[in-house]
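The values are calculated or read from the model by the stated rules, or taken from the named source; none is laboratory data. Because the structure is a prediction, the values reported are computed rather than measured. With ideal geometry, Cβ positions are generated from the backbone for all residues, glycine too; neighbour counts draw on all protein chains shown. What goes into the accessible areas is simple: the full protein's heavy atoms, side chains included, and nothing from ligands, DNA or RNA. Shrake-Rupley method; radii C 1.70, N 1.55, O 1.52, S 1.80 Å.
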Amino acid sequence: MDLWQLLLTLALAGSSDAFSGRETTAAILSRVSQSLLSVNPDLNTNSSKKPKFTKCRSPELETFSCHWTDAVRHGLKSPGPIQLFYTRRNPQEETQEWKECPDYVSAGENSCYFNSSFTSIWIPYCIKLTSNGGTVDEKCFSVNQIVQPDPPIALNWTLLNISLTGVHADIRVRWEAPLSADIQKGWMALEYELQYKEVNETQWKMMDPILSTSVPLYSLRVDKEYEVRVRSKQQKSENYGEFSEVLYVKLPQMNQFTCEEDFYFPWLLIIIFGISGLTVMLFVFLFSKQQRKEN
């Protein structure tokens, strides 16, 4: 609808008050309002997006960080700074004082980092985002609830054995805990999940979670290349951390007869030929013995 149509609609609204009453005028003004939104969609207040928390994470139960999205309005960042405030719900403290984020830099853009001096494991935290003095998002948690360890490191593999047919092989995959996780002193206890697949496949196969840092993989094809990755989580938690770097496994082919299909040793033919050979030998023996008797 162009400007002339809007002016005509407004004129009809003014004249309708004399002839049709207030109800007709209200209906026409409602249509005018919709027309204005179609001409100027920026008037739609639903186009704005408030900043929201996306993730709070602790890699080692000693520090944590929280991240949030940008505030967007009509494709542009909203005016006014975004600030994070936090409070610890310590029952020993009479008042719950809100304090501003101690570090907006170390964890990257749109984040707040809490080092060990600001981190308490068992005391619940409440955090909120504010813009122009108003709260736009908030959440509460304990640090032990947001543990997501760093990826395991130093993945490697060793060959255990190759089948007699030379078609399949067994390997053992090993790795190390992330350096940030203090598992030596028992501060953290990690469970690991290993996933593997052939290079040209899209679906990963998952192993059951384990506490050790090594696991065997059985019956891998020697003519295939595999990808292996590992991730970890705090024991009895549901939040896995990021996956490790992918480990590529290419198994050596022990002979030139390995083909796409499994090679089965012809035991049946050997048995048949063996029985036939024994029969022939027995026949020759009896025949020669008969000849001696006749002579």
For Lys128, counting only lysines whose alpha-carbon sits under 21 Å away and dropping same-chain residues fewer than eight positions off, the answer is Lys49, Lys50, Lys52, Lys55, Lys77, Lys99, Lys139
Sorted largest first, the Cα spans of the stretch 102-164 on the principal axes come out in Å as 73, 27, 23
So, with points 7 Å from each Cα along the Cβ direction, the Glu242-Glu109 label distance in nm works out to 1.7 nm
Ordering Ile121, Ile127 by the accessible surface of their heavy atoms, 1.4 Å probe, largest first, yields Ile121, Ile127
In whole percent, the fraction of accessible protein surface over the stretch 153-250 that belongs to carbon or sulfur atoms, probe radius 1.4 Å, stands at 48 percent
Expressed in nanometres to one decimal, the distance between label points 7 Å along Cα→Cβ at Met206 and Ser288 is 7.0 nm
Taking only protein heavy atoms and a 1.4 Å probe, the highest-to-lowest accessible-area order of Leu268, Leu164, Leu190 is Leu164, Leu268, Leu190
Taking r as the C-beta separation of Lys139 and Ser180 and R0 as 25 Å, the FRET efficiency to the nearest 0.05 is 0.55
In nm, the gap between the two label points placed 7 Å beyond Cα toward Cβ at Leu278 and Arg89 is 8.2 nm
Accessible-area order for Ile171, Ile123, largest to smallest, probe 1.4 angstrom, reads Ile123, Ile171
For the stretch 153-250, one quarter of the surface area of the C-alpha convex hull, expressed in nm², comes to 6.7 nm²
